[in-house]
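Comments concern the structure below.
Please treat every number below as a calculation from the coordinates, not as lab data. Everything numeric in this text was worked out from a predicted model, so none of it was measured. We place every Cβ from the backbone using ideal geometry, glycine too, and count neighbours over all the protein chains shown.
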């Protein structure tokens, strides 16, 4: 039991690693919390520091969600333990202990978690993100559509009700973290990605 609890704590700490803050400091010499949207996530790094830094942050944030869940099977291979580890990793990203419990919105880390937990629905959700992003230019809108799609994709892929319920709960929480973005989208003041701006 102690090992199981320690692994969940480790999953939280892994999720808490603020790669957006670290990479922005190392590459752009800026505090990512003080530029752009102020969000400690890959999208803000992409806009405020640069494309390569943003992509590196996205990959790192995805891996810190994927790795703890993927290797949880060596501790306990029950579904509910996977959920506990997954929730710890996502919570760590959103409320990192290293930045006074203020983190990102959980999209990339959530992708990593669900790639380990339910690969096909996660890939479908990621494809939805890509399509919405390409056609709209809004990272936030793509993220919101992707997480809304996730529980639907898991349901139609034949996953259990418990798994679908967890995907739904995670989606609700991530959408809630985007409440400021939703407001700006409705007002027409949300920032589009630089690659979609006219020269």
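Once the Cα atoms are used to define both axes, helix 107-117 deviates from the longest principal axis of the chain by about 30 degrees.
Under the criterion of Cα pairs below 8 Å and six or more residues apart, the relative contact order for segment 2-196 equals 19 percent.
Relative to the longest principal axis of the Cα atoms of the chain, the long axis of helix 161-177 makes an angle of roughly 30 degrees. Note on 107, 9, 164: ascending count of other Cβ atoms within 10 Å places them as 9, 164, 107, the fewest first. Helix 119-136 and the longest principal axis of the C-alpha atoms of the chain enclose an angle of approximately 10°. Note on the chain: helix-only mean residue ellipticity at 222 nm, from DSSP H runs of 4+ residues weighted -39500 (n - 2.57) and normalised by residue number, equals -22000 deg cm²/dmol.
I need the shape label for the chain. Rule: rounded when a/c is under 1.5, else prolate if a/b > b/c, else oblate, with a, b, c from the alpha carbon gyration tensor. The shape class here is oblate.
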